[in-house]
Amino acid sequence: MSDKKLAGLWIDGTKAIVVTNHDSQEVTEFAVVDTVKAEIQHGNSSENAANNAEQSNKLKFYKEIEKLITNSTDLYVTGPGTSQEELRNHLLDTAQYKNLNIKLGTDSQLSEEQVLEEVKSHFHA
């Protein structure tokens with residue numbers, strides 16, 4: 001068992017399933033800590049307003065994920081499409097996470113249990 005604080009997550013544009021091996025201070029067994037849902041904006045009057053709302057909601061989504069991975073030294077991000085790359089870029093542009101070791105993977109839809117197993121497998125736990 002590693003004494004590093006590790007985290008992994010599966011993400012798409014609508015939700016993220018977050019797995020860590022630590023609570024805020026202590027290293028423990030890997031467990032699903034939360035499923036974060038993105039807020040989806042509907043019915044804006046203009047494309048500009050819709051785009052601003054989308055960017056604002058995405059930032060809120062990423063901030064919720066950040067709270068769950070605070071103090072992690074390594075992060076494994078998997079999912080379909082480009083969501084994992086967007087999250088990685090966001091984190092690397094954030095001072096608190098600029099030294100976080102981030103590895104990316106690709107997976108289609110996974111259940112919480114499958115995400116837990118994928119993260120454990122990635123970190124050889």
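Data table
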quantity	calculated
Contacts under 7 angstrom Cβ, first residue in region 64-93 being farther than 22 Å from Gln109 by Cα, partner part of a strand (DSSP E or B) and modelled with pLDDT under 95, 6 or more apart	Asn71/His22
Candidates Glu66, Glu86, filtered to the one that is part of a helix (DSSP H, G or I), over 19 Å from Asn21 (Cα atoms) and out of contact with any Asp or Glu (no Cβ under 8 Å at 6 or more places or on another chain)	Glu86
Qualifying residue in region 76-87 (condition: under 17 Å from Thr14 (Cα atoms) and among the charged types (D, E, K, R))	yes
Test: Asn52 is out of contact with any helix residue (DSSP H, G or I) (no Cβ under 6 Å at 6 or more places or on another chain), farther than 25 Å from His124 by Cβ and without any contact (Cβ under 8 Å) to a residue 12 or more places away in the chain	yes
Sole exception among (1) within 11 Å of Ile11 (Cβ to Cβ); (2) under 12 Å from the mean Cα position of the chain (by Cα); (3) among the polar types (S, T, N, Q) for Thr70, by number	(1)
Matching entry among Thr28, Thr20 (being at pLDDT 95 or above, among the polar types (S, T, N, Q) and outside any loop (DSSP other than H, G, I, E, B))	Thr20
Some residue of region 13-30 being basic (Lys, Arg), under 10 Å from the mean Cα position of the chain (by Cα) and surrounded by fewer than 18 Cβ atoms within 10 Å (Cβ to Cβ)	yes
Lone qualifier among Ser45, Ser72, Ser121 - being exposed (fewer than 12 other Cβ atoms within 10 Å of the Cβ) and not in a helix (DSSP H, G or I)	Ser45
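The values are calculated or read from the model by the stated rules, or taken from the named source; none is laboratory data. Predicted model, so just to flag it, every value in this text is computed and none were measured. Heads up, the Cβs are rebuilt from the backbone with ideal geometry, glycines too, and the neighbour counts pull from every protein chain shown.
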